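**Q** I have a structure I would like to understand better, so I am pasting it below and will then ask my questions one at a time.
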Amino acid sequence: MLLNIKDLHVSIGDKEIIKGFNLSVNKGEVHAIMGPNGTGKSTLAAAITGREGYEITKGEIFFKDELINEWEPDKRANEGVFLSFQYPIEIPGVSMTNFMRTALNAKREYMGQPPMSAGEFLKRMEEKKKLVDIQSKLTNRSVNEGFSGGEKKKNEIFQMAMLEPSLAILDETDSGLDIDALKVVAKGVNQLKSEDNAFVIITHYQRLLDYIVPDFVHVMYDGRIVKSGGKGLAIELENSGYEWIKEQFGA
Amino acid sequence: MTDESKEKDVLQEVTSGEYKYGFFTDIEADQAPKGLSEDIIRFISAKKEEPEWLLEFRLKAYRHWLTIEEPDWALLKHPPIDYQDIIYYSAPKKKKELSSLDEVDPELLDTFNKLGISLEEQKHLAGVAVDAVVDSVSVKTTFQETLKKHDIIFSSFSEAVQEHPDLVKKYLGSVVPYTDNYFAALNSAVFTDGSFCFIPKGVRCPIELSTYFRINAANTGQFERTLIVAEEGGYVSYLEGCTAPMRDENQLHAAIVELIALDNAEIKYSTVQNWYPGDKNGKGGIYNFVTKRGLCKGNSSKISWTQVETGSAITWKYPSCILLGDNSVGEFYSVAVTNNFQQADTGTKMMHLGKNTKSTIISKGISAGHSNNSYRGMVRVGKRAENARNFSQCDSLLLGDKCGAHTFPYIKTNNPTAIVEHEATTSKISEDQLFYCQQRGIDMEKSIGLIVNGYAKEVLNKLPMEFAVEAQKLLAITLEGSVG
């Protein structure tokens, strides 16, 4: 099993956001986590990736059968956990190329491999840029600086392609994307999908799921999963909205 | 762990970052007794076999120094300096003339290797001419032959006094007179060596020139002087680097750099200053009181200062430009990093005197630990300076909540056509940026290095290529561990 979350409780400050969350993800699977705003979806992503300030008060996160609750974010990343950010961060003065090279070589160092040669690295950049239809000038710019909303999201998928994670969490990657950009992002994900990796797609809407077909759909509400099903559940949600969930599971 | 305790933890790490150049080389030194008097000045002058006029210059400076007080306007705190407790002359023993590297004291060569400056290597790979000053005396000037072909003079200051007394006499003190300030007067009285560079009319210096300063002996002050003259149409790019061993007591460094650019000449002066900053409790470290000034004497001349300041317990330094020639250009690019209990009060003065003169000031301050980092700058536009333009940008980056960043911009314009712009920002390294880097597998330390280097990039880009890499590493080392 790639990811196994057991009875997870997460607080920000004094406020409990995740309240007994369970999820198992195997290699080769695509899971969608849907639900209304403010239900803890992004908090879940932050807890899995080890963001500071998100305190696990109870429960376990296992990744490749190892308990990772206390791991630093960079260790999780180098072990293969990738987060496509809902709001990618700008880092002025640091070129995308330099950023990616630093990240890639950090991973290689972690794996006990020598740094990638400049030639090999550039070749890989070119190859992966094509995958998400990223223009060359973007990689010469500072990280996310002056990128449009769509470019930022494509850039997240580009980084994912470069780093080849075994578990990719896409946090609202579809939000703010027009239909063309959405298709590009979906194409990228579909090409990267393999028997050796898995995706957890966090989304509010089901439209991304028209292009990336999930094996499982989970409905999250008030910090836990309240319903799971197949692709059909997403369509059901699309038609009926989230109101019925609030009525059925709301306090 | 909460945000705050994590931050404290990481700050702990920053503050324990070790100084990597703190070794001491055991070389026999030829020293003057402690203290300062006219006799000591005569001793120094005699040691250096100086002409009478230079001794006179020193004595006048000394007598002036006795009448003035240490300045107290900078945002710096330190116990009073006992000027009688300092050794004003210390030279590595080994008197004979050095003409090849083989003759340099092997201990000394080893010192340079530890500093990462192999003279040999630099000679062959970088094409950089290096003049190295240890304690007070210039040890080795490489690349003389190549420079000779272009009639460029690049030598130790002492040698220049012997070989080119007229040039030295003409320009010495012409930009920074001994009456300029307390530390300039002190330096003028006791300076022991330094570098001299003369670029004749129409010559573009084909290689980067470089000086390395090192304080080695205990209780010594280092008082060097650098004088660079570029005649009409001349060009030179010059770099200085400095380090010192770790010692518990504070050591004084009071240097003067004078630059003179005639018509259409350009001087680019870069500094990577890494004097010993003191330990994490603020004990020891170099007091760095330096006067640097460039005179754009000719029309369309240009002087550009680039500095990366990571060392010293105290830095008091304002590399300035006097824009006398019409259409002359002055630039100041600075990255100043302070950590632990370091204090820096640094900036620039741009004095617009000629018509259509332009100046640019880009200052990036980075403070961590309990340090204080101030930008102090003055832009002055004289009556005659029609259409003078200045752009200043002063950014401060704070790592942690125990350090301080201050900005003191002074602007005085006496000409209504002048356009003077000043922008200033203060920011903290954001937790968002750090997490973003870490999520990509980059550890905390490297992430901070990456972000800080990005922040300082505008300035680092102005450094000669091979030194930019060195400066980037230095920034990362200085801030090792930083912030959450």
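The values are calculated or read from the model by the stated rules, or taken from the named source; none is laboratory data. The shown structure was predicted, so the numbers you read here are calculated from the model rather than taken from an experiment. FYI the Cβ positions are ideal-geometry reconstructions off the backbone, even for glycines, and counts take in every protein chain you see. In case anyone asks, the SASA skips ligands and DNA or RNA and just uses the protein heavy atoms, side chains included. Shrake-Rupley method; radii C 1.70, N 1.55, O 1.52, S 1.80 Å.
**Q** Would you mind giving the three semi-axes, in whole Å and largest first, of the ellipsoid equivalent to chain A according to its Cα gyration tensor?
**A** 30, 21, 16
**Q** Carbon and sulfur atoms: what percent of the 1.4 Å accessible area of region B:150-217 do they account for?
**A** Within region B:150-217, the accessible surface is 46 percent carbon and sulfur.
**Q** Right, another one. Across peptide A:87-100, how many C-beta atoms of other chains are within 10 Å of each residue C-beta, on average?
**A** That average works out to 5.
**Q** Let me ask something else. Scan around B:N390 for amide H atoms under 5 Å from its own, H built in the peptide plane at 1.01 Å from N, and keep only partners 5 or more places away or cross-chain.
**A** Residues meeting the criterion, in which the H sits 1.01 Å from N, are B:S359, B:I419, B:V420, B:E421.
**Q** With the alpha-carbon atoms as the only input, what is the per residue convex hull volume for region A:98-217 in Å³?
**A** Hull volume normalised by residue count: 109 Å³.
**Q** Could you work out, for region A:159-228, what percent of all Cα-Cα pairs fall into each 10 Å distance bin, beginning at 0 Å and stopping at the bin that holds the largest distance?
**A** 18, 52, 27, 3
**Q** Any idea of the total accessible area buried by the B-A contact, 1.4 Å probe, rounded to 100 Å²?
**A** 2400 Å²
**Q** Could I ask something else about it? For A:D14, B:D82, A:D74, B:D279, give the ranking by accessible area with the largest first, probe 1.4 Å.
**A** Final ranking, largest accessible area leading: A:D14, B:D82, B:D279, A:D74.
**Q** May I ask you to find the residues of region A:36-59 that are shielded by at least 30 Å² of accessible area once the whole protein assembly is considered instead of their isolated chain (probe 1.4 Å)?
**A** Output list: A:R51, A:E52.
**Q** Determine the per residue accessible area of region A:188-251 with all protein chains present and a 1.4 angstrom probe, expressed in square angstrom.
**A** 50 Å²
**Q** Please give, to one decimal in nm, the separation of the simple spin-label points placed at A:I179 and B:W53, each 7 Å out from Cα toward the Cβ.
**A** 8.6 nm
**Q** Can I ask one more? Which entries of B:K77/B:K457; B:K283/B:K473; A:K137/B:K457; A:K6/A:K130; B:K364/B:K412; B:K292/B:K462 show an alpha-carbon separation above 27 angstrom in the structure shown?
**A** In this structure, B:K77/B:K457; A:K6/A:K130 exceed 27 Å between Cα atoms.
**Q** When all C-alpha to C-alpha distances in region B:312-360 are sorted into bins of 10 Å, what percent of pairs does each bin hold, rounded to whole numbers?
**A** 26, 38, 23, 12, 1
**Q** Using amide H atoms built 1.01 Å from N in the peptide plane, name the residues 5+ places from A:L170, or on other chains, whose amide H lies under 5 Å from its own.
**A** Those qualifying (amide H under 5 Å, at least 5 residues apart or on another chain) are A:S84, A:V200, A:I201, A:I202.
**Q** For the cross-link pairs B:K317/B:K383; A:K107/A:K231; B:K169/B:K317; B:K149/B:K169, which exceed 29 Å when the distance is taken from alpha carbon to alpha carbon?
**A** Beyond 29 Å between Cα atoms: A:K107/A:K231.
**Q** Could you calculate, for region A:74-147, the ratio of the Cα radius of gyration to the Kirkwood radius, expressed as Rg to Rh?
**A** 0.96
**Q** Give, to the nearest whole percent, the P(r) tail of region B:399-484 beyond 14 angstrom, counting all Cα pairs.
**A** Percent of Cα pairs beyond 14 Å in region B:399-484: 72.
**Q** For each pair in A:K128/A:K187; A:K64/A:K227; A:K41/A:K153, compute the distance between the two Cα atoms and list the pairs where it is over 20 Å.
**A** Going by Cα-Cα distance, A:K64/A:K227 fall outside the 20 Å limit.
**Q** Continuing with the same structure: So who's got an amide H within less than 5 Å of the one on B:I286, skipping anything under 5 residues away but keeping other chains? H placed 1.01 Å off N, in plane.
**A** B:Q251, B:Y276, B:G278, B:S312, B:A313, B:I314
**Q** Suppose R0 equals 51 Å; then what is the FRET efficiency for B:E386 and B:V469 from their Cβ-Cβ distance, rounded to the nearest 0.05?
**A** 0.75
**Q** Taking only the C-alpha atoms, wrap a convex hull around the protein assembly as shown and report its volume per residue in Å³ as a whole number.
**A** Enclosed volume per residue, from the Cα hull, is 176 Å³.
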